[in-house]
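Written below as structure tokens is the structure these notes are about.
The values are calculated or read from the model by the stated rules, or taken from the named source; none is laboratory data. The model shown is predicted, which means the values in this text are computed figures rather than measured ones. All Cβ positions, even for glycine, are placed from backbone atoms using ideal geometry, and neighbour counts span all protein chains on display. Keep in mind that these areas ignore ligands, DNA and RNA; they rest on the heavy atoms of the full protein, side chains included. Shrake-Rupley method; radii C 1.70, N 1.55, O 1.52, S 1.80 Å.
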Amino acid sequence: MRRYSVVLSSVALCLFLGSFSGSAQDAKDAKDSPAAQSLPWYNPKKYNPLKLFKRGPQSANDQLASDGDLEAKLTRQLQVQGILPKDKFLQDACSTFKELADCVASLRVSRSLQIDFSCLKWDVTGVKPKPVADSCAGPAGGKPMGLYRAIDLLKSDSDSKTEAKNALRRARQDIKDASE
């Protein structure tokens with residue numbers, strides 16, 4: 001019985017090792033034919049981790065400057081809706097924001113909740129604008145905070161999370177409409 005298992009295992013080993021040499025030979029033949037060339041198992045072009053990072057414009061102003069038509073359409077759209085005053089431009093209002101959607105959402109919230117935009121801008125960006133009222137509550141430590149936290153700080157009697165969520169949704173829709 002023991003001899004039988006030794007013979008069987010050696011036959012299985014020979015078949016197993018024989019299959020590798022055959023597939024290696026097939027791989028050599030495949031390299032010779034141009035139609036059968038394939039990429040190695042790791043291809044830096046296919047599995048490039050840098051593709052995971054968003055490399056878009058760095059700030060709202062960069063995004064507006066890269067597409068001048070977007071700035072003109074979005075400025076006009078927000079002025080018609082009464083969100084942006086007629087004498088202001090969107091690029092001036094969004095000067096320190098990192099995301100254009102945050103800027104437009106802040107404009108929307110300041111209009112709907114009657115919050116001073118410069119105070120809201122200071123809280124969301126962490127950069128104190130020049131014409132800011134003394135009554136504004138700035139961010140702690142000069143660090144930027146989320147839109148809903150800024151709303152909660154400036155207007156504590158409102159539902160800040162819902163207001164921020166709706167404003168961001170509408171801002172993204174405005175940007176999408178203006179870019180078409």
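So here's what we get for this one:
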| read-out | value |
| --- | --- |
| Counted residues, segment 53-82 - those being surrounded by fewer than 19 Cβ atoms within 10 Å (Cβ to Cβ) and over 19 Å from Lys143 (Cα atoms) | 20 |
| Residue in segment 80-102 that is touching a helix residue (DSSP H, G or I) at 6+ places or on another chain (Cβ under 7 Å), under 24 Å from Lys155 (Cα atoms) and among the hydroxyl-bearing types (Ser, Thr, Tyr) present | yes |
| Check on Asp102, without any contact (Cβ under 8 Å) to a residue 12 or more places away in the chain and open to solvent by 40 Å² or more (accessible area, probe 1.4 Å) | no |
| Tally of residues being without any contact (Cβ under 8 Å) to a residue 12 or more places away in the chain and either among the β-branched types (Val, Ile, Thr) or in contact with a Leu (Cβ under 8 Å, 6 or more places away or on another chain) (or both) across segment 150-165 | 1 |
| Qualifying residue in segment 141-150 (condition: aliphatic (A, V, I, L, M) and either within 27 Å of Lys73 (Cα to Cα) or in contact with a His (Cβ under 9 Å, 6 or more places away or on another chain) (or both)) | yes |
| Matching option when the condition is open to solvent by less than 40 Å² (accessible area, probe 1.4 Å) and in contact (Cβ under 8 Å) with a residue 60 or more places away in the chain, among Leu168, Leu147 | Leu168 |
| Test: residue in segment 2-22 that is open to solvent by less than 50 Å² (accessible area, probe 1.4 Å), among the aliphatic types (A, V, I, L, M) and at pLDDT below 90 | no |
